[in-house]
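Presented below is the structure to which this report refers.
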Amino acid sequence: TRTYAAGASTHEKVAKFHGKKGSDGLYTVSLIEGDGIGPEIAQSVKDIFKAANTPIKWEPVDVTPRLKDGKTVIPDETIESIERNKVALKGPLATPIGKGHVSLNLTLRRTFNLFANVRPCRSIAGFKTPYDGVDTVLIRENTEGEYSGIEHVVVDGVVQSIKLITREASERVCKYAFQYAEEIGKLKVRAVHKATIMKMSDGLFLSTAQRVAKDFPAVEFDAELIDNTCLKIVTDPTPYNDKVLVMPNLYGDILSDTCAGLIGGLGLTPSANIGDECSIFEAVHGSAPDIAGKGLANPTALLLSSIMMLRHMGLEEQAVRIEKAIFETLAEGKTLTGDLHGTAKTHEYAGAIISRL
Ligand code: NAD
């Protein structure tokens, strides 16, 4: 189990794992393999977890959208599986651009009220990027902002898209950011915003963050404008290593890809969608249609997401074992996928990790 950092207060963690071990000694996890490269990278996770004797039983679930009363919905069995297991590992799901069904990723986040999206980003030893030692963590509000899906045509050629910010969702994610900061021992939280322009919406997010900060005297708090953060983080990311960044939805989406770029790309960055009852773990990247089906995908991001999942479930020992094998394989640099300038196929890279378990 994880310990709280020295000097941290004993605030109850917002999100706990409520799942139970079955009579066979295994935990069941809902598995959404997803689209594009999803099945290929999910296979690597399954192979590595099996080789490491991880006490996980996968329950594959289908998220092919169905129409119900004119609305796109996720199949009931899928919802029930995640409700039952309390935890899911998810591959990427493609969303049609500008038309077609609503984003199933958003539907899942809303259905399970997965209010905080945690996106850590750490440099990989052995893989050279302009900055070594990047170790950022960003928490993105996951349920509203520009992602609220409230859009309409005003007149031909004019559309309106509503950015929704509520005190409730802002408070929930900011509180989680402070609790997470205490949990991982980075005792500084920075709210990232644009309240100079969006005085009301981002203003509410910022004032809520300031108010929540008062409940966490052991954690330092400050705030920064999003454009300023973008400039500074690509100029020198190291000052961000000791902080937890918390921000509205769209800023988190964009800034986390910026951070991914700093360490070698989207093949490396994991995430956790945290809710009070259920949590879903997934890579930051999408379905990568340009390389799907070719065995070229880097499964590291999904693997590191599955390690975040193991930690969330209290399976620290297994998490450390697999994580160590991944980082050793990457550091050795002999069996890397194309995005990391290697020539290994997805399964060869997974095999190299297995050989180090
Ligand atoms: P993408 O993340 O799928 O791909 C961007 C680039 O990164 C591509 O060149 C791709 O080849 C590369 N890449 C991504 N993951 C990689 C990996 N694991 N290994 C090696 N290279 C990798 O972004 P996109 O092309 O903008 O989106 C494709 C689809 O994915 C869209 O339908 C989008 O809606 C969806 N999407 C889903 C999620 C999700 O499920 N959470 C997130 C982002 C995008």
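Quick one: count up the residues across the range 71-85 that are open to solvent by 80 Å² or more (accessible area, probe 1.4 Å) and either touching a Phe, Trp or Tyr at 6+ places or on another chain (Cβ under 7 Å) or in a loop (DSSP other than H, G, I, E, B) (or both).
Qualifying residue count for the region: 0.
Within the range 241-251, is even one residue in a loop (DSSP other than H, G, I, E, B) and within 14 Å of the ligand (Cβ to nearest atom)?
no
State all residues of the range 73-109 that are of a type in the set (G, A, S) and at pLDDT below 85; if no residue qualifies, say none.
G98, G100, S103
Which members of the range 346-357 meet the condition of being open to solvent by 30 Å² or more (accessible area, probe 1.4 Å), free of Cβ contacts under 8 Å to residues at least 24 places away in the same chain and within 16 Å of the ligand (Cβ to nearest atom)?
E348 - this is the single residue of the range 346-357 that is open to solvent by 30 Å² or more (accessible area, probe 1.4 Å), free of Cβ contacts under 8 Å to residues at least 24 places away in the same chain and within 16 Å of the ligand (Cβ to nearest atom).
Out of the residues in the range 238-265 that are among the hydroxyl-bearing types (S, T, Y) and open to solvent by less than 20 Å² (accessible area, probe 1.4 Å), which is farthest from the chain's Cα centre (by Cα)?
The extreme case among them is Y240.
Report, by residue number, each residue of the range 311-321 that is in contact (Cβ under 8 Å) with a residue 60 or more places away in the chain and within 20 Å of V118 (Cα to Cα).
R311, H312, M313, G314, L315, E316
Is it the case that some residue within the range 86-99 is more than 16 Å from the ligand (Cβ to nearest atom), surrounded by 15 or more Cβ atoms within 10 Å (Cβ to Cβ) and polar (S, T, N, Q)? Before the answer, list the steps.
So the first thing to find is which residues in the range 86-99 are more than 16 Å from the ligand (Cβ to nearest atom), and the list is 86-87.
From what is left, the residues that are surrounded by 15 or more Cβ atoms within 10 Å (Cβ to Cβ) are 86-87.
Among the residues that remain, those that are also polar (S, T, N, Q) are: none.
For the range 86-99, residues more than 16 Å from the ligand (Cβ to nearest atom), surrounded by 15 or more Cβ atoms within 10 Å (Cβ to Cβ) and polar (S, T, N, Q): absent.
Being at pLDDT 95 or above and within 12 Å of the ligand (Cβ to nearest atom) is the filter here; which residues of the range 273-285 pass it?
Hits for the range 273-285 are N273, I280, F281, E282, A283.
Quick one: A51 ticks every box in (1) away from the ligand (no atom under 16 Å from the Cβ); (2) within 28 Å of I291 (Cα to Cα); (3) crowded, with 21+ Cβ neighbours inside 10 Å except a single one, so which number is it?
The failed condition is (3).
From the set of residues in the range 299-345 that are of a type in the set (D, E) and more than 14 Å from the ligand (Cβ to nearest atom), which is nearest to I37 (Cα to Cα)?
Filtering the range 299-345 for residues that are of a type in the set (D, E) and more than 14 Å from the ligand (Cβ to nearest atom), the one nearest to I37 (Cα to Cα) comes out as E323.
Considering only residues that are among the β-branched types (V, I, T), touching a Leu at 6+ places or on another chain (Cβ under 7 Å) and open to solvent by 10 Å² or more (accessible area, probe 1.4 Å), which ones fall in the range 275-322?
Residue satisfying the conditions is V284 alone.
Against the definition (in contact with a Lys or Arg (Cβ under 9 Å, 6 or more places away or on another chain), assigned to a helix (DSSP H, G or I) and either near the ligand (Cβ under 10 Å from one of its atoms) or under 26 Å from K128 (Cβ atoms) (or both)), how does T258 come out, yes or no?
Answer is no for this residue.
Where in the range 1-70 are there strands (runs of 3 or more DSSP E), lying wholly inside it, with at least 2 residues that are at pLDDT 95 or above?
It comes to 27-32, 56-60.
With L204, L225, L231 as the choices, which residue is closer than 22 Å to S123 by Cβ, modelled with pLDDT of 95 or more and open to solvent by 30 Å² or more (accessible area, probe 1.4 Å)?
Step by step, each of L204, L225, L231 is checked, and only L231 is closer than 22 Å to S123 by Cβ, modelled with pLDDT of 95 or more and open to solvent by 30 Å² or more (accessible area, probe 1.4 Å).
Give the residues of the range 198-212 that are in contact with a Gly (Cβ under 9 Å, 6 or more places away or on another chain) and free of Cβ contacts under 8 Å to residues at least 60 places away in the same chain, sorted by residue number.
Matches in the range 198-212: S201 only.
Just give me the residues in the range 117-130 being in contact with an Asp or Glu (Cβ under 8 Å, 6 or more places away or on another chain) and open to solvent by 60 Å² or more (accessible area, probe 1.4 Å), in sequence order.
Those that are in contact with an Asp or Glu (Cβ under 8 Å, 6 or more places away or on another chain) and open to solvent by 60 Å² or more (accessible area, probe 1.4 Å): R122, G126.
Within the range 262-357, which helices (runs of 4 or more DSSP H) (wholly inside it) include 1 or more residues that are under 23 Å from L93 (Cα atoms)?
300-312, 346-355
Do the conditions hold for A218, that is, is it away from the ligand (no atom under 16 Å from the Cβ) and either closer than 20 Å to C174 by Cα or exposed (fewer than 15 other Cβ atoms within 10 Å of the Cβ) (or both)? Working first, answer last.
Working: away from the ligand (no atom under 16 Å from the Cβ): yes; either closer than 20 Å to C174 by Cα or exposed (fewer than 15 other Cβ atoms within 10 Å of the Cβ) (or both): yes.
Here the answer is yes, as A218 does meet what is asked.
The values are calculated or read from the model by the stated rules, or taken from the named source; none is laboratory data. Since the structure is predicted, the reported quantities are computational estimates derived from the model, not experimental observations. So basically every Cβ, Gly included, is an ideal-geometry build from the backbone, and we count neighbours across all protein chains shown. Quick note on the areas: whole protein, heavy atoms, side chains included, nothing else; ligands and nucleic acids left out. Shrake-Rupley method; radii C 1.70, N 1.55, O 1.52, S 1.80 Å.
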